[in-house]
Amino acid sequence: MSEKKILKNIRSGQQESVEILIKKYYRDIYTYCFCRVEDRQAAQDLTQEVFLRFLQNLDSYEHTGKLKNYLYVTAGNLIKDHYRKRKEDVWEDEKIQQTADKLSAGTENISDRLTLQEIIRGLPELERELILLRYYQNLHLSEIARIVSMPVSTVRYRLKQAEISIKNKWEE
């Protein structure tokens, strides 16, 4: 079945054509993703996301070239996003490490530092961000308030709550 026919059938709601499309290109897109990320699970997730994105944007897709090329471009963009996120995650872990080091200054015990890292990592996202901005970036409350779009008083309160949360978990 031609690409044009498959696309026409998908647009008319034929689920079988979606399955045909996926079967036709899945292996190529998966192989491409796997060769780029070298992680089976990530490659499967990325491949699935390629097809989901294509189906979500089907109405705006114009069949001017090979569909396979379009899927490769989508996969390439998702892979770039994947690596960008991984770098952010690694950087986030480094920030948590350094923040824990600063908070535990004077603590010689490595297991204490690791415990503190885990406590910080377990905080809700906003509280973790506030702790990192305050103790790692050494930002003033007014600067943090602008970054997170909150009043200074709210930042001060949420930061205090995060510090109390860290202290309570530390003492457990």
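I'd like the residue in region 27-43 that is crowded, with 16+ Cβ neighbours inside 10 Å and touching a residue at least 24 places away in the same chain (Cβ under 8 Å) and, out of all such residues, is nearest to ASP59 (Cα to Cα). Restricting to residues being crowded, with 16+ Cβ neighbours inside 10 Å and touching a residue at least 24 places away in the same chain (Cβ under 8 Å), the top hit is ILE29. Apart from one condition, TYR26 fits all of (1) more than 13 Å from ILE79 (Cβ to Cβ); (2) modelled with pLDDT under 95; (3) of a type outside the set (Gly, Ala, Ser); the exception is (2). For LEU116, all conditions in the list (1) surrounded by fewer than 12 Cβ atoms within 10 Å (Cβ to Cβ); (2) under 26 Å from the mean Cα position of the chain (by Cα); (3) at pLDDT 75 or above hold save one; what is the number of the exception? LEU116 satisfies all of (1) surrounded by fewer than 12 Cβ atoms within 10 Å (Cβ to Cβ); (2) under 26 Å from the mean Cα position of the chain (by Cα); (3) at pLDDT 75 or above except (1). Annotation note: Cβ proximity below 8 Å between a residue of region 138-159 that is free of Cβ contacts under 8 Å to residues at least 60 places away in the same chain and more than 12 Å from GLU127 (Cβ to Cβ) and a residue that is part of a loop (DSSP other than H, G, I, E, B) and not β-branched (Val, Ile, Thr) (sequence gap 6+ or interchain) occurs for ALA145/PRO151; ILE147/LEU139.
Go through region 126-147 and give me each residue that's surrounded by 15 or more Cβ atoms within 10 Å (Cβ to Cβ) and of a type in the set (Val, Ile, Thr). Across region 126-147, the qualifying residues are ILE131, ILE144.
Within the bounds of region 58-66, is there any residue that is at pLDDT 80 or above and charged (D, E, K, R)?
yes
I'd like the full set of residues that are touching a helix residue (DSSP H, G or I) at 6+ places or on another chain (Cβ under 7 Å), modelled with pLDDT of 75 or more and of a type outside the set (Lys, Arg), limited to region 133-147.
Across region 133-147, the qualifying residues are TYR135, LEU141, SER142, ILE144, ALA145.
The values are calculated or read from the model by the stated rules, or taken from the named source; none is laboratory data. Keep in mind it's a predicted model, so treat the numbers as computed, not measured. Neighbour counts are summed over all protein chains in view; Cβ atoms, including those assigned to glycine, are modelled from backbone coordinates with ideal geometry.
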